[in-house]
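Visitor: One structure, pasted below without further comment.
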Amino acid sequence: MERNLECILCMDSIALAHIISSCECGHSYCYICITKQIETSKKCPQCRKIVAINDLCMNRNLDNQCDDYL
């Protein structure tokens, strides 16, 4: 699997996470990973922009890519 389909927080395949969440900045993670990160630091781990759990949305494009891969 390509590196861009890995969650940078857990280093696992996002395709296996089944729930892919994006911050307003567009960076995507496993839902569980990013919610834990936000509870701790309130920032996107890649660009450091402030983000709230309520700002997360499902990344449908990446979700469709993962479905096609599986």
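Visitor: Could you give every pair whose Cβ atoms fall below 8 Å, whose first residue belongs to segment 36-52 and is assigned to a strand (DSSP E or B), and whose second residue is of a type in the set (A, V, I, L, M, F, W, C) and open to solvent by 40 Å² or more (accessible area, probe 1.4 Å), counting only separations of at least 6 or pairs across chains?
Guide: Listed pairs, sorted by first residue: Lys43/Ile50.
Visitor: Still on this model: Residue check: is Leu70 at pLDDT below 80 and open to solvent by 70 Å² or more (accessible area, probe 1.4 Å)?
Guide: Considered against the rule, which asks whether it is at pLDDT below 80 and open to solvent by 70 Å² or more (accessible area, probe 1.4 Å), Leu70 comes out as yes.
Visitor: Working carefully through the options Ile20, Ile38, Ile50, Ile34, find the one that is surrounded by 15 or more Cβ atoms within 10 Å (Cβ to Cβ) and modelled with pLDDT of 90 or more.
Guide: Answer to the selection: Ile38.
The values are calculated or read from the model by the stated rules, or taken from the named source; none is laboratory data. Quantities reported herein were computed from a predicted structural model and do not represent experimental measurements. Positions of Cβ are backbone-derived with ideal geometry, glycine not excepted, and every protein chain shown enters the neighbour counts. Side chains are part of the model used for accessible areas, which takes the heavy atoms of the whole protein and leaves out ligands, DNA and RNA. Shrake-Rupley method; radii C 1.70, N 1.55, O 1.52, S 1.80 Å.
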